[in-house]
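Asks: So that we are looking at the same thing, I have put the structure below in structure tokens.
The values are calculated or read from the model by the stated rules, or taken from the named source; none is laboratory data. What you see is a predicted model; the values in this text were computed from it and never measured. Here Cβ is always computed from backbone atoms with ideal geometry, including for glycine, and neighbour counts include all displayed protein chains. Surface areas here come from the heavy atoms of the whole protein model, side chains and all, with no ligands, DNA or RNA. Shrake-Rupley method; radii C 1.70, N 1.55, O 1.52, S 1.80 Å.
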Amino acid sequence: MEKVDFLATDGIKLNGFLYRNQEKTNKIILSVHGMSSNCFKERESIIAKQANENQIDYFCFNNRGSELVKYIRKNIEGKKEKFLGGTSYEDVLESYEDIVGAILKLKELGYETIYLQGHSLGCTKIVYTYHALKEEGEQELLSHIKGIILLSLVDIPLAIKVYLREKYQSYLKLAEEKEQEGKLYELMPKDSFIHPVSVKTFLRYARDNQDIDFARYGKDNKLEKLNNIQVPLFMRWGNNKEMILQKADELVTIVSNTITNEKKDIDYIDGANHSYDGKEEILANQIVEWLKRDDSSLATN
């Protein structure tokens, strides 16, 4: 395992851990963590170990939304800036800069086959970035993405409405008033979110969410964004304190019946919670077995 430093495409300084297989390989899993998290989770090391044992390297990094609050630093042509970051202040759309920066770094290190993996909000970031690359015609970068792994993809805009219930409109109004006053970096009231959140971040999830509101699981939702993923797709949830409205088995049925990807593997892990605590080995084994199932087919983009 080695520390790797790199720059997001907008100059933000980032770093992560590269778990190397004993034998040289050009295949790697690129992992993106979720809200208030980091790349040091036990889940990451367990998946990395099983991947390494099967000739796949593993890279997990701290994106600009890691932890709750931190300073992030930008360096563009020697001009340095420092400003507030972390989950409480991030704009999820900026994850594109982080993920593309990580892909470019992995290419520099010699990796040709990249499997994108996200957990929770990390899933949202992965799907958003994948489609942004498609919309921008970045075929060369897309050609390296051979599979997508989504662990506990959550419908965050809907989750906020369910969490706040009758308070949703009042908090949205408050955030918009703060926006008009130029107070985007002011924190919202304590009970407006599951953790401290700035006005600008709250508005991204609650109002300006058109680009990330693609996980509305329902019988009438065609899940267009997920259906437009043209590489093999692996999706998992837990059924214990998972952040979903349906029962896990019902959700899996809905999503499986809606997504037409011929190389999909959609299921849940019995007894797993949102973080897969205590079920990491099972999850890791399922991911690796999926990758091994037909390696040649994963090279089709």
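Asks: GLU94 passes all but one of (1) exposed (fewer than 14 other Cβ atoms within 10 Å of the Cβ); (2) outside any strand (DSSP E or B); which number fails?
Replies: That leaves (1) as the condition not met.
Asks: Checking the structure you have, find out if any residue of region 10-26 is more than 22 Å from THR201 (Cβ to Cβ) and small (Gly, Ala, Ser).
Replies: Yes, region 10-26 contains a residue that is more than 22 Å from THR201 (Cβ to Cβ) and small (Gly, Ala, Ser).
Asks: If you scan region 243-281, which residues turn out to be touching an Asp or Glu at 6+ places or on another chain (Cβ under 9 Å), of a type in the set (Val, Ile, Thr) and assigned to a helix (DSSP H, G or I)?
Replies: Result: VAL252, single match.
Asks: Does PHE214 count as at negative phi, modelled with pLDDT under 95 and open to solvent by less than 20 Å² (accessible area, probe 1.4 Å)? Step through it out loud before you land on a result.
Replies: On the way: at negative phi: yes; modelled with pLDDT under 95: yes; open to solvent by less than 20 Å² (accessible area, probe 1.4 Å): yes.
In short, yes.
Asks: Could you say whether any residue in region 103-120 is open to solvent by less than 10 Å² (accessible area, probe 1.4 Å), part of a helix (DSSP H, G or I) and of a type in the set (D, E, K, R)? Walk me through it before giving the result.
Replies: Kept after step one, since they are open to solvent by less than 10 Å² (accessible area, probe 1.4 Å), are these residues of region 103-120: 103, 106, 111, 114-118.
Next, only the ones that are part of a helix (DSSP H, G or I) stay: 103, 106.
Still in the list and also of a type in the set (D, E, K, R): none.
Scanning region 103-120, I find no residue that is open to solvent by less than 10 Å² (accessible area, probe 1.4 Å), part of a helix (DSSP H, G or I) and of a type in the set (D, E, K, R), so the answer is no.
Asks: Could you grab me the full set of residues in region 70-95 that are at pLDDT 90 or above and small (Gly, Ala, Ser)?
Replies: GLY85, GLY86, SER88, SER95
Asks: Quick one: is LYS222 open to solvent by 30 Å² or more (accessible area, probe 1.4 Å), in contact (Cβ under 8 Å) with a residue 24 or more places away in the chain and closer than 29 Å to GLU67 by Cβ? Step through it out loud before you land on a result.
Replies: Working: open to solvent by 30 Å² or more (accessible area, probe 1.4 Å): yes; in contact (Cβ under 8 Å) with a residue 24 or more places away in the chain: yes; closer than 29 Å to GLU67 by Cβ: no.
Judged against the criteria, LYS222 is not a match.
Asks: Could you please tell me which pairs satisfy a Cβ distance under 9 Å, a separation of 6+ or placement on different chains, a first residue in region 120-149 that is in contact (Cβ under 8 Å) with a residue 24 or more places away in the chain and under 20 Å from GLU108 (Cα atoms), and a second residue that is basic (Lys, Arg) and surrounded by fewer than 19 Cβ atoms within 10 Å (Cβ to Cβ)?
Replies: Qualifying pairs under 9 Å: TYR130/LYS225; LEU141/LYS107; LEU142/LYS134; HIS144/LYS107; GLY147/LYS263.
Asks: Sort out for me the strands (runs of 3 or more DSSP E) sitting completely within region 1-90 that have 1 or more residues that are surrounded by fewer than 16 Cβ atoms within 10 Å (Cβ to Cβ). Give the steps one after another, and end with the answer.
Replies: Details: elements: 2-7, 13-19, 27-32, 57-62, 70-76, 79-85.
The qualifying strands (runs of 3 or more DSSP E) are 2-7, 13-19, 70-76, 79-85.
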